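The values are calculated or read from the model by the stated rules, or taken from the named source; none is laboratory data. Just so you know, these numbers come straight off a predicted model, no measurement behind them. Please note: Cβ atoms are built from the backbone with ideal geometry, for glycine as well, and neighbour counts cover all protein chains shown.
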């Protein structure tokens, strides 16, 4: 595709010299895909050329188009719409492009020479006081997909998970369990360990709010009541005891975290995400404390009278930021300083991507600015992939109040919806029970992942439960169904002995849908490059949908097996095969699988 585009630019330079006697540098000629409502494949905007040529944009378009049609065999026709010259490429060129595409695998790396080569993508980053919910799913799917997209550009990518396994929120679950647990375990409760921990986090908040109300009834102000409530005081004391290494506290912490990790692992496996490296806040916060001491010794951090440590970032347009509490316990930014250094020591990254919701935009600005204050060489490599929160029709989710959409429950729902829809369509021939369950899970998870990834990451999104499980329209299962259809065509072609690699030189012209398919296939490298530069799986999701739509138009309008011309029949099978491969690769970048039969 790039070769064809470059050839057309060279031809346009020649045309400009021949028609107007003007030399135009190739860099000033920008070709873009022609809009679908007009005939053509490439469009040249002629407005910028009016000064150099001394003509109006439409005159320029007509003159260049006519010269190319007469003198350039790659151009079969043209049309001019105001200041836009739409060039129609000869079908022989599209066959050449398709042959070039088939000469390399569909998953061939896309070259991005100026992009970072050593990348760490940190995502998921769960708290060990609650199970994963809908918001975590968007985070996990985004992080996994971005990592796969960057891998597709040839980058060395490490998927990292920083587990927030310590802090006041963890102590809240522990305090509640100590008060109300009565020795309950995941086995005795019949619950996943992460759900059990989440149960006690909600219990803490319930009883904590009751204590606040009681204090308020006694005349204590709300702010003071929140600090003096017995449960909160106890949680603060437990945090100090944990950092002091109290054996009893550490034992309870290890026990409950162990339950949670087992639950997380089950969820990660079920949703199809993985990690190359785990970091734990309980380990990285110590290195973070060392960085705080380093900042104090360098004079870039300061202590307040109560002993708390701060950094002044007002010159950077931010504010003063707490780095260490007066009692010596750490805060989120403390461990973030340590984790950033550990990741750099381990992987020497030139880009460290943090997949974190836009609620933490300020926090990430502070982290980068603080690392610059410390003079760290990796400060400039920090990149925040800030994504929009997921809202429910009823409003914002709140873990402490238990008003969240549980990830495990949601996956079960979409798998059940996929099963019902598939059975209704009757598309289960030749599959045994195990294969059917795998199919339902593949389609259900595909519906959920596509729903969350097709939206630009920067946009806040509303989660509509009914839309998320729909298998029709602009959905993942529509694309997955298309792959299954193509797989069936390839099997039938093999049974009939139709080759996917015949000589197509005898083909004089292409059907419009065949031409469109080649163009869509040729767009893949540019799509991956765009998605990688913008860290946006939505770009790949849209491409996979466009490709599947183009194929379904082709399938509806062109006969494959009833075509009597051997070369054309072979070409259509080969086109189908390549589309199927490209759909599989594209959805793979989104963490989605595709069915071979339905």
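Criterion applied to 23, 58, 37 was being in the same structural domain as residue 13 (by TED's automatic domain parsing) and in a helix (DSSP H, G or I), and the one residue passing it is 58.
When you check residue 257 against the structure, is it part of a helix (DSSP H, G or I), out of contact with any helix residue (DSSP H, G or I) (no Cβ under 7 Å at 6 or more places or on another chain) and surrounded by 13 or more Cβ atoms within 10 Å (Cβ to Cβ), yes or no? I'd like the intermediate steps shown before the answer.
Values: part of a helix (DSSP H, G or I): yes; out of contact with any helix residue (DSSP H, G or I) (no Cβ under 7 Å at 6 or more places or on another chain): yes; surrounded by 13 or more Cβ atoms within 10 Å (Cβ to Cβ): yes.
Criteria met by residue 257.
Quick one: in segment 92-119, of everything that is assigned to a loop (DSSP other than H, G, I, E, B) and out of contact with any helix residue (DSSP H, G or I) (no Cβ under 9 Å at 6 or more places or on another chain), which residue is farthest from residue 41 (Cα to Cα)? Taking the candidates together, the pick is 117.
A single member of 240, 214 is in contact (Cβ under 8 Å) with a residue 40 or more places away in the chain and in a helix (DSSP H, G or I), and it is 240.
A quick yes/no check of all residues on (1) out of contact with any helix residue (DSSP H, G or I) (no Cβ under 8 Å at 6 or more places or on another chain); (2) modelled with pLDDT of 90 or more:
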site: 5; (1), (2): yes, no
site: 12; (1), (2): no, yes
site: 15; (1), (2): no, yes
site: 18; (1), (2): no, yes
site: 26; (1), (2): no, no
site: 35; (1), (2): yes, no
site: 44; (1), (2): no, yes
site: 47; (1), (2): no, yes
site: 50; (1), (2): no, yes
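Considering (1) under 38 Å from the mean Cα position of the chain (by Cα); (2) at pLDDT 95 or above; (3) part of a helix (DSSP H, G or I), the lone condition that residue 234 does not fulfil carries the number (1).
Within segment 274-303, the residues that satisfy the criterion of being in contact (Cβ under 8 Å) with a residue 12 or more places away in the chain and farther than 21 Å from residue 164 by Cβ are 294, 295, 296, 298, 300, 301. Of the residues contained in segment 309-332, one or more are found to be closer than 24 Å to residue 244 by Cα and part of a helix (DSSP H, G or I).
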